[in-house]
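Single-structure report; data block below.
The values are calculated or read from the model by the stated rules, or taken from the named source; none is laboratory data. Predicted, not measured: the structure shown is a model, and the values here were computed from it. FYI the Cβ positions are ideal-geometry reconstructions off the backbone, even for glycines, and counts take in every protein chain you see. For the accessible areas, the whole protein counts, side chains as well, though only heavy atoms, and no ligand, DNA or RNA atoms are used. Shrake-Rupley method; radii C 1.70, N 1.55, O 1.52, S 1.80 Å.
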Amino acid sequence: MANWLTKMLPRWSRKAAEGQYRPGPYFLSDGWLSASAGKFMNWWQMGHSVRPYGGSNAMVEACVSAYSQTVAMCPGDHWTAEVDAKGVATGGRVCVRTSALSRIIRKPNDYQSMSDLLLNMTRRLYEKGEAFGLAIRNDRFEISEIHWMRNGQPVIAEDGSIFYWLGGNEIAERRFDLSMPIPARDVLHIRLHTPMHPLKGISPILAAALDLQLSGAALSQQVAFYLNGARPSIMLETEAKLDKKEADELRQRWDAQTKGDNAGGTPILSWGLKAKEIQFRAGDGQLADMLKMSDQAVALAFRTPLQILGIGGTPFASTEALMSSWKATGLGFCLNHIEEAFGQLFRLRGFPDEYLEFDTNAMMRSSFKELIDALSSGTRRLMRINEGRRFLDLPAVEGGDQILVQQQDIPLSMAGKVQNQSPAPANDPANDDSSDPPTDDAADAAKAVSIFRKGRKRAAIGP
């Protein structure tokens, strides 16, 4: 038992022998270092630098912020399937308000809101490829707190049990003893694609690493050019032959009228001098197109529509169509992935029996007209009026728990009876040759025929 900790450490987490080469790229605490740069001991002296996962590119920041902020604004609820007295599912669902999960998604801990937790965890998920949370249990072994942790390292025991080293939360590190590995049952681990290890996710930024490196090199070159060899906007030309003294004198006169406090002055040209504006070169346009293509590649790697970021592309017909397109691709996966990670931590049975769901209707708050039109249309045939009012946080009204349909709509079974039968009106005793009262189906059919005849008569007379 003395060396149980060393047995838990996997082979890939142990230090390599001195001098042993490891192929890149190299994942460091502040980002990643390319394989070509990592071959040199003094890579920082050779002009190489560590590329962080985020913050180095505006498009990366826009995509990461779009996911993290959108997920943070979606409230969640704990749902279970609705069953009857015999335990048979009825097709509906019930919102659970008294479970440990329902309390966590309202208040994960005493210093963070659920929006804070989701914002930081989703951001970490797309920047690093994985996010970690420490679950604290009460005396009833229920999860009572979840603390976001910036850093995490999975370790596997000899018997296959999974543990985690967690760190990066100054509050949790002071409150709890994190010097020992944490069992996987008490760790919320959300990870993306895991090509290298089943417990090690990677960020989609790595898919666009070459594009980011290309745009970064181009921008760095332009910055160096403007700082060290800035190109003038005006060039003076003449056919006269000038010596160095005369050229310096003319340059000083020009600068005296166009720079500093005298910027915008009117210089007087002599000796046949002409001012020629330096045109925008085609190479600069190619650089702009290259940077634009790099931004599109980053958005493609994150599966984020350009319209979400407020740039380019064909506009959608409505906000609902735009959000539906995003939910059908990247955002829908992100929400479902986080929901399933919470479900695994809380041991939920899974959809449709028991699950966590984030309400994406919150994204339609800015499109009030589309929301009202959708609810008005839905409450005519599919939803109850009170169900639609709950979307708007309005109280229930009397008579709002019934589904409304138009008067000319009849069941298909009744429509068949109307075509095959033409019974006499029920109030004509002369045609009643039976002493038994009419059945419910016959009465419904007679009522439908009466409504149908009134409709045909009204149509023949006209308005």
> Just one of the numbered conditions (1) surrounded by 14 or more Cβ atoms within 10 Å (Cβ to Cβ); (2) more than 24 Å from Ile105 (Cβ to Cβ); (3) at pLDDT below 95 is not true of Met180; which one?
Replying inline: (1)
> Which helices (runs of 4 or more DSSP H) does segment 219-333 wholly contain that include 1 or more residues that are surrounded by 13 or more Cβ atoms within 10 Å (Cβ to Cβ) and modelled with pLDDT under 65?
Replying inline: 282-302
> Has segment 104-119 got any residue that is open to solvent by less than 10 Å² (accessible area, probe 1.4 Å) and either charged (D, E, K, R) or within 30 Å of Ala301 (Cα to Cα) (or both)?
Replying inline: yes
> When segment 165-191 is examined, which residues are found to be under 23 Å from His337 (Cα atoms), of a type in the set (A, V, I, L, M, F, W, C) and touching a Phe, Trp or Tyr at 6+ places or on another chain (Cβ under 9 Å)?
Replying inline: Leu166, Ile182, Ala184, Val187, Leu188, Ile190
> Counting residues that are modelled with pLDDT of 70 or more, which strands (runs of 3 or more DSSP E) fully inside segment 1-112 reach at least 2?
Replying inline: 76-83, 89-96
>> Quick test of your reading of the structure: Asn151 fulfils all but one of (1) out of contact with any Gly (no Cβ under 8 Å at 6 or more places or on another chain); (2) open to solvent by 10 Å² or more (accessible area, probe 1.4 Å). Name the failing condition by number.
In response: (1)
> When Glu173 is evaluated against the numbered criteria (1) at pLDDT 70 or above; (2) open to solvent by 50 Å² or more (accessible area, probe 1.4 Å); (3) within 30 Å of Ala58 (Cα to Cα); (4) not β-branched (Val, Ile, Thr), which criterion, by number, is the only one it fails?
Replying inline: (3)
> Within segment 58-80, is there a residue that is under 21 Å from Leu125 (Cβ atoms) and among the charged types (D, E, K, R)?
Replying inline: yes
